[in-house]
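Structure first, commentary second.
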Amino acid sequence: MRNNPEEEEEEFLLNHSQNSTKGGVKTIPFIIVNESCERVASFGLQPNMVLYITKFYNMDAARASVLLNLWSALSNGLAIFGAFISDSYIGRFRAIAIGTISSLIGMIVLWLTALFPQIRPLPCGQDQLDCNAATAAQLAVILCSFGLISIGAGFVRPCSVAFGADQLENKENPDNERVMDTYFNWFYASVGISLSVAITVIVYIQVQFGWQVGFGVPALLMVLSVSVYLIGSPLYIKAKPKGSLFTGLFQVAVAAFRKRHINVQLNYSDDCYYKAPESKLLKPSIDFRCLNRACIIEDPHMELKPDGKASDPWSLCFVEQVEIMKCFLTVLPMWSTCIMLLVSFNQPLSIYQLLTMDRHITPQFEIPAGSFGMITVLSLTIWIAFYDRALVPLLSRYTGLPTGISPFSRMGIGLFLGIVATAFSAITETIRRNKAINAGFEDDPNAVLNMSSMWFVPQLALYGVAEALNVVGQIEFIYSLFPKTMSSFAAALYTFGLALASLINSLLVSMVDSITSAGGKTSWLATNINKGHLDYYCWLMTFLCVINFLYFLAVCRFTDQHHHDGRSSLFPEVEEEHSENRCFHGA
């Protein structure tokens, strides 16, 4: 059947020729500037935000940490929602526009809280005992700013890279694959540069020039982001939404439940299954057999239209949809093992530790406490480059794997290094706290110790290597199961993992603070870290990471048994692409 005129126009736009006035390389600077400004502005707010909340909203450090973890969880969780709304309803251009404007408004509101003391509670007295809690209206203002920034991040981040790909996709161009690869390299390079600028330049501005300037610069960056993006509007290819992967997953679950009366133990012929045109999958696999009900045709006259399409996609799904759902269920246990590692990265009061240590590089220059996260970023980047260029060729000679070692091994080594890094953080805090008490600073949390902040370098560097190994291993594992058309699914799962990790972190901090402060005792996570016991909290995190590592080993064994037939994917074409990576061994 011929497509209708609208579908033909959309297909033309998506596969435009080199002579088209829409899309092309000329649009990429607008998209990358928009994404870069958003990331610099939003990530630049995070490192020092706990200091702003505790000082100007009179919260203790534990509650401020919970609030900021919930903000992080909302931002990452909304990325899934933003991708769904974009793919299903409004398209990527509108999603990015809405997100950028929302971030701009949120940052302006946050800037106003620094400019006008009237919308903040009165400062505490000299003894820090006479403190006024923020009113409901004052809290509403800053929470509104956080919410608007989260909405912006949720719409911009999952859509920008795909929107740029829409502009360059040109099947008529023989160099299309090279062009796309170059684009992705430049895009992710811009993300890395943006994160580096946020952690260093924006944090330095906040420390040196105060909150009014420190919040004003991100707001101005968002003005630039909105302006540049909208200026490029006439040049963009604006593909229409085609539906979301997540909708397909829900459809399989609903359809399988509706047809729960079907006996899946019976042997059905290939003609009984609903297949996509030119599909290589003639029937579903035997894994998670209960889901096969979703693609079984019971009554062709009722369930199929004259053109062969399903009358109700919530009652009848393609075989491919069912197999994607099975892959999703297969991935979930292994994906869940990375959550605890992401939780351990976020130590709630680490910035307070750094504020009590000597951070001078020279007598005149002192590293801002919020900029130490740059060590993790550099460590991650250097390790990935070293592993890809030096270790992979060497390891491949011995393992026979093109990736050097299996994804399971990379994930396991990453989890182990995460345990070591968390143990280092506990040891460092024990030494720091003992020095503070021995120096008589137990009641003075602002006193600077004769202890170098370089003690933090090993643990932060190890966190970077751990994340590089584990996350890349996770992505490789997911890619080995899903077809290329679903490559963005790995990023979506990682983003959701960040959201879940932030929620778990909030829960842990709340529970530890509540339990350890019961009966009038000093909380482990007291704002005065010299009186608290942050080292105990770090040891608790180390113990949880060890439990998670044992869970990972159990998942490895389960995955190996589940794939007893030697296949690495439920999709034949993926099996061909990844035939060299069939081995599923424990770490």
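The values are calculated or read from the model by the stated rules, or taken from the named source; none is laboratory data. As the structure is a computational prediction, the values presented were derived from the model and not from experiment. Here Cβ is always computed from backbone atoms with ideal geometry, including for glycine, and neighbour counts include all displayed protein chains. Just the protein is used for accessible areas: all its heavy atoms, side chains included, with ligands, DNA and RNA removed. Shrake-Rupley method; radii C 1.70, N 1.55, O 1.52, S 1.80 Å.
Going by accessible area, probe 1.4 Å, with all protein chains left in place, what is the ranking of Arg92, Arg258, Arg557, largest first?
Putting Arg92, Arg258, Arg557 in descending order of accessible area: Arg557, Arg258, Arg92.
Computed extension length for Val223-Leu550: 112.9 nm, one decimal, from 0.36 nm per residue of separation with the Cα-Cα distance subtracted. For the range 38-154, the dipole from Cβ point charges (+1 on Lys and Arg, -1 on Asp and Glu) about the Cα centre works out to 280 debye, to the nearest 20.
Partners of Lys283 within straight-line reach, counting lysines whose Cα lies under 20 Å from its Cα and excluding those fewer than 8 residues away in the same chain: Lys259, Lys275, Lys309, Lys326. Of the residues Pro333, Gly164, Ser88, the one whose Cα sits farthest toward the positive end of the charge dipole of the chain, with +1 on the Cβ of Lys and Arg and -1 on the Cβ of Asp and Glu, is Pro333. Ranking Val223, Leu122, Ala468 by how far each Cα lies toward the positive end of the dipole of the chain (charges on Cβ) leaves Leu122 at the top. Taking 0.36 nm per residue of separation and subtracting the Cα-Cα distance, full extension of the segment from Leu394 to His261 would add 42.4 nm.
In a reduced charge model with +1 at each Lys and Arg Cβ and -1 at each Asp and Glu Cβ, the chain shows a dipole moment near 720 debye about its Cα centre.
Ranking Thr376, Thr559 from most to least accessible surface, computed with a 1.4 Å probe over the protein chains only, gives Thr376, Thr559. Magnitude of the charge dipole for the range 418-471, about its Cα centre and with charges confined to Cβ atoms of Lys, Arg (+1) and Asp, Glu (-1), is about 160 debye. The relative contact order of the chain comes to 19 percent, based on Cα pairs under 8 Å that sit 6 or more residues apart. Placing unit charges on the Cβ atoms of the charged side chains and taking the dipole of the chain about its Cα centre, the candidate lying farthest along the positive direction among Leu291, Gly400, Ile361 is Ile361. Of all lysines in the structure, the ones whose alpha carbon falls short of 17 Å from that of Lys26, not counting any fewer than 8 places away in one chain, are Lys238. Excluding same-chain neighbours fewer than eight residues apart, the lysines reachable from Lys240 by a Cα-Cα span under 20 Å are Lys22, Lys171.
Think of a 1.4 Å ball rolled over the protein heavy atoms: the chain then has 48 Å² of accessible area per residue.
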